[in-house]
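The values are calculated or read from the model by the stated rules, or taken from the named source; none is laboratory data. Predicted, not measured: the structure shown is a model, and the values here were computed from it. FYI the Cβ positions are ideal-geometry reconstructions off the backbone, even for glycines, and counts take in every protein chain you see.
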Amino acid sequence: MKAVVAENLTILYDGKPALEGVSFSLDEGETLLLLGPNGAGKTSLLKTISCFHWEYTGRVEVFGREPCEARELIGYVPQSHSLNERVPLTALEVVAMGAIYRRGFVHFKIPRETMERAEKALEFVGLGGLGERLFSQLSGGQKQRVLLARALISDPKLLLLDEPLSALDPSARAEVAGVLSKIKSRKGLTMVITTHDINPLLDIGDRVMLINKRLIAFGRPEEVLTDDVIKSVYGPLARVIPVGGKLFCITGDVHLHRHGGGGR
Ligand SMILES: Nc1ncnc2c1ncn2[C@@H]1O[C@H](COP(=O)(O)OP(=O)(O)O)[C@@H](O)[C@H]1O
Ligand SMILES: [Mg+2]
């Protein structure tokens, strides 16, 4: 069974299309890198797949079910987490929240069993010793790893990540990319990852999709990441350079938009 199928999917806001006529499918265990400039429709696609946005035409299925019927199979790591950092939650509590919200109610006391699962999830992302630290006091890379642990605690089969590297410096990017690689190899999850900077993730991308209000290209990385395709979306300065048998993409877009507000 396919993990994700979209057929002629058009996503709308108040009747106006944001992303039009997209078709693709992902096998179980595959990782898709989703690329496109700001406003291309990346977040809208993730939200539609995960039942956070409902206005669409065409077909979209997650493990053979409509998104809203498949919610317990899906983990979502939003671009800007909505945690109020003035609430003094520890890393462990943030992770445990992933399990608690899922059951549809909030406990005042987190059950022992949930705490143990949270500890395991934190260990998995390499933060075993930091459970009692306040979330607000962690580094950017550590926070992102806590949020990965929070998404993993409910054991999803499909993990959607919206720009998990965008707020990080290069060393933290490598740190988080390393955890994503571990999730892929150890847990065999299907993942969709949106990113401006594809380079730290190229090793784990089985498929690359480029969108800009519509589908520009979808396929294996070496099929999609060509000079012509990249230039058609990011302009004449963009290019793809092979470095030691690997591809390196320069999309110019990165520096213009990385700090530009609009982080939906
Ligand atoms: N809640 C919303 N209401 C109206 N329009 C929206 C909303 N969210 C996104 N859009 C529009 O949909 C398009 C795609 O946005 P988005 O999916 O956030 O792109 P990306 O994540 O690639 O930057 C944009 O034109 C944006 O203005
Ligand atoms: Mg977005």
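Close Cβ contacts (under 7 Å, 6 or more residues apart or on different chains) running from residues in the range 65-93 that are farther than 30 Å from S25 by Cα to residues that are among the basic types (K, R) comprise T90/R133; A91/R133. Considered as a group, the residues in the range 1-60 that are assigned to a loop (DSSP other than H, G, I, E, B) and either touching a Phe, Trp or Tyr at 6+ places or on another chain (Cβ under 6 Å) or away from ligand 1 (no atom under 16 Å from the Cβ) (or both) include one that is farthest from M191 (Cα to Cα), and that residue is M1. Pairs please, first residue from the range 1-21 and among the hydroxyl-bearing types (S, T, Y), second anywhere and within 16 Å of ligand 2 (Cβ to nearest atom) and modelled with pLDDT of 95 or more, Cβ atoms under 9 Å, 6+ apart in sequence or on different chains. These pairs meet every condition: T10/A18; T10/L19; T10/V22; Y13/S44; Y13/H53.
To keep it simple, each residue is scored yes or no on (1) among the aromatic types (F, W, Y); (2) in contact with a Ser or Thr (Cβ under 7 Å, 6 or more places away or on another chain).
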position: A6; (1), (2): no, yes
position: K16; (1), (2): no, no
position: L46; (1), (2): no, yes
position: T57; (1), (2): no, yes
position: V62; (1), (2): no, no
position: R71; (1), (2): no, no
position: Y76; (1), (2): yes, yes
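Taken over the range 170-207, residues that are within 16 Å of ligand 1 (Cβ to nearest atom) and polar (S, T, N, Q) amount to 2. Residues in the range 135-177 that are touching a Phe, Trp or Tyr at 6+ places or on another chain (Cβ under 7 Å) and among the β-branched types (V, I, T): V146 alone. Could you tell me how many of the residues in the range 187-209 are in contact with a Phe, Trp or Tyr (Cβ under 9 Å, 6 or more places away or on another chain), assigned to a helix (DSSP H, G or I) and not basic (K, R)? Result for the range 187-209: 2.
This table checks each residue for (1) surrounded by 23 or more Cβ atoms within 10 Å (Cβ to Cβ); (2) more than 14 Å from L161 (Cα to Cα); (3) under 13 Å from the mean Cα position of the chain (by Cα); (4) of a type in the set (A, V, I, L, M, F, W, C).
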{"position": "K187", "(1), (2), (3), (4)": "no, yes, no, no"}
{"position": "H196", "(1), (2), (3), (4)": "no, no, yes, no"}
{"position": "P200", "(1), (2), (3), (4)": "no, yes, no, no"}
{"position": "N212", "(1), (2), (3), (4)": "no, yes, no, no"}
{"position": "I216", "(1), (2), (3), (4)": "no, yes, no, yes"}
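Set side by side, the residues L180, L159 differ, and just one is within 14 Å of the chain's Cα centre (by Cα), within 18 Å of L35 (Cβ to Cβ) and in a strand (DSSP E or B), which is L159. Whether any residue in the range 51-62 is surrounded by fewer than 18 Cβ atoms within 10 Å (Cβ to Cβ) and closer than 20 Å to G141 by Cβ is what I want to check. Within the range 51-62, not a single residue is surrounded by fewer than 18 Cβ atoms within 10 Å (Cβ to Cβ) and closer than 20 Å to G141 by Cβ.
In this structure, is I241 in a strand (DSSP E or B) and within 16 Å of ligand 1 (Cβ to nearest atom)?
No; evaluated as a whole, the condition is false for this residue.
Against the test of being within 16 Å of ligand 2 (Cβ to nearest atom) and either surrounded by fewer than 21 Cβ atoms within 10 Å (Cβ to Cβ) or over 28 Å from N199 (Cβ atoms) (or both), the options S82, S23 yield a single qualifying residue, S82.
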